[in-house]
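Undergrad: First the structure, then my questions, so here it is.
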Amino acid sequence: MGKQVRNILAILVILIPFYLLSIWQKVFGTVDFSLKSVFIIYPLFSVVGILAMLLLNRYFLRKNIKVFAGEGSYLLDVAFAFLLLIIFYFVFSIQEISYGRWLPFERQNDEMMALFQVMLSNPVYTIILLGPFIWITESFAAFSRAFLLDNLWDFSNSKWWSWTSIVFIALICALVRIDNGPATVISWFLVFLATNYLFFRYRRVLPLILAGILYQTISLGTYWYYNFFVAG
C-alpha cells in the first residue's frame, strides 16, 4: 500500500466519524444533551480517537510521535498557548461588537443550558466538567487537528497546499459548531486558522492543547462563578 493511500485512509478514519458525522448530526439531526453524553460518551469518544491516532501514526503510517512534538521547549509551549488564548478572546470580542450582531441567530439551547445548571450546581459534576472532561476533549480536538494537518501536508510541500490544508481543516472544525450559529462558526474558523498556522510553523501540538484547555476552563469557570455566586 502506497504512502499517500495510507495518508488518505488515516485522514478518513478520523475525519468521517469525529467530524463529518458530527456536522451531519447537528445540521439534520438532534444533539443529545444529557449527563451520560457529557460524562461518558464524549470523553470515551475522545479517548478512543486519541488512541486511534496514536496507533495509526505508529503502526499504520510508521511515523514517530515527534511529528507532533518538534524542536522547542515547554516554556515556549506555554508562551504560545497564552498567545493563542489572547487571539481567542480577541476574535470573540470582535464577534460580540460586529458580525455577531449582523448575523443574528436564535439559539435553541434551553436543554443544554438546563443541563449546565444541573452540572454546575453539583460540586462533583463541576470538578469533573472543569477538570477531566475539558482536559480529555480539548486534547482530542487539538491532537486531531494536528493529525489531519500532518497527513495532508505529506501530499505536498508547496506553500499553496500547506495553506489549503490549514484553511480546509479550520473550516471543517469550525462547522462542528454550526449549531451555535454562523457568527460562532466564523469566530472558530479564525481561531483554528491561528492554531493551524502555529502548528505549521512550530510543529508542536502542546500549545494547541493548553490553549484550548485554558479557554474552556476560563469560560466555563466564569459562567459558573457568575451564575451561582453573582447572579444567583
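Bear in mind that the values in this text are calculations on the coordinates, not laboratory data. What you are looking at is a predicted structure, and each value in this text was computed from that prediction instead of being measured. Every residue, glycine among them, receives a Cβ derived from its backbone with ideal geometry; neighbour counts consider all protein chains shown.
Undergrad: Based on a Kirkwood Rh over C-alpha pairs, give the Stokes-Einstein translational diffusion coefficient of region 126-184 at 25 °C and viscosity 0.890 mPa s in µm²/s. Kindly include the intermediate steps, with their values, before the conclusion.
TA: Values: Rh = 13.2 Å.
Diffusion coefficient, whole number: 186 µm²/s.
Undergrad: Quick one: compute the contact order of the chain, relative version, from alpha carbon pairs under 8 angstrom and 6+ residues apart, as a percent.
TA: Details: 208 pairs, mean separation 80.7, N = 232.
About 35 percent, as a whole number.
Undergrad: Take the Cα atoms of region 2-114, find their three principal axes, and give me the spread along each one in whole Å, biggest first.
TA: 47, 36, 28
Undergrad: I've got another one for you. With each label point set 7 Å from Cα along the Cα-Cβ vector, what nm distance links Asp32 and Arg58?
TA: Computed distance between label sites Asp32 and Arg58 equals 3.0 nm.
Undergrad: How are the alpha carbon pair distances in region 89-149 distributed across 5 Å bins from zero to the largest one, expressed in percent?
TA: All Cα pairs, binned at 5 Å, distribute as 4, 14, 11, 12, 19, 23, 15, 2 percent.
Undergrad: Springs between alpha-carbon atoms under 10 Å, Gaussian network over the chain: tell me which of Tyr42, Tyr59, Tyr125 tops the mean-square fluctuations.
TA: Its mean-square fluctuation being the largest, the pick is Tyr59.
Undergrad: Let me ask you something else. Would you order Leu84, Leu190 from fewest to most other beta-carbon atoms within 10 Å of each residue's own beta-carbon?
TA: Details: Leu84 21, Leu190 18.
Lowest count first: Leu190, Leu84.
Undergrad: Same structure again: Given a 10 angstrom Cα cut-off, can you work out which residue in Trp161, Trp153, Trp135 is the most mobile in a GNM of the chain?
TA: Evaluated over the chain, the most mobile residue of the options is Trp161.
Undergrad: Work out from phi, with θ = phi - 60° and the Karplus expression 6.51 cos²θ - 1.76 cosθ + 1.60, the ³J(HN,Hα) of each residue of region 152-157, listed in order in whole Hz, and give x for Gly and Pro.
TA: After applying 6.51 cos²θ - 1.76 cosθ + 1.60, I find 5, 5, 5, 6, 7, 9 Hz.
Undergrad: Further, regarding this structure: Grab the beta carbon distance between Glu111 and Leu9, set R0 = 45 Å, and tell me the FRET efficiency rounded to 0.05. Could the numbers behind the result be given before it?
TA: Numbers: r = 37 Å, r/R0 = 0.82.
My answer for the efficiency is 0.75.
Undergrad: Gap in Å between the Cα centre of region 67-137 and the Cα centre of region 155-197?
TA: Centre-to-centre (Cα) distance: 17 Å.
Undergrad: So what does the Cα-only Debye profile of region 69-171 read at q = 0.13, 0.17, 0.24 Å⁻¹, as log10 I(q)/I(0), no solvent term?
TA: Taking Cα atoms of region 69-171 as identical point scatterers yields -0.83, -1.22, -1.25.
Undergrad: Just need the relative contact order of region 100-232 here, percent rounded to a whole number, with Cα pairs under 8 Å and 6+ apart. Write out the running numbers ahead of the final one.
TA: Working: 84 pairs, mean separation 43.3, N = 133.
Computed over region 100-232, the figure is 33 percent.
Undergrad: Taking the convex hull of the alpha carbon atoms in region 149-232, what volume per residue do you get, in Å³? Present the calculation step by step, with values, prior to reporting the outcome.
TA: On the way: hull volume 8.3 nm³, N = 84.
Spread over its residues, the Cα hull of region 149-232 gives 99 Å³ apiece.
Undergrad: Taking 0.36 nm per residue of separation and subtracting the Cα-Cα distance, what length does fully extending Ile40 through Ile97 add? Please report the intermediate quantities before stating the final value.
TA: On the way: separation 57, 0.36 × 57 = 20.52 nm, distance 3.65 nm.
Stretched out fully, the Ile40 to Ile97 stretch lengthens by 16.9 nm.
Undergrad: While we're on this one: Give me the number: length gained by fully extending Phe82 to Ile178, i.e. 0.36 nm times residue separation minus the C-alpha to C-alpha distance, one decimal in nm.
TA: Values: separation 96, 0.36 × 96 = 34.56 nm, distance 2.61 nm.
Between Phe82 and Ile178, full extension yields 32.0 nm more.
Undergrad: Pick out which of Ile128, Ile166, Ile11 has the largest mean-square fluctuation in a Gaussian network model of the chain, springs linking Cα atoms closer than 10 Å.
TA: In the Gaussian network model the winner is Ile128.
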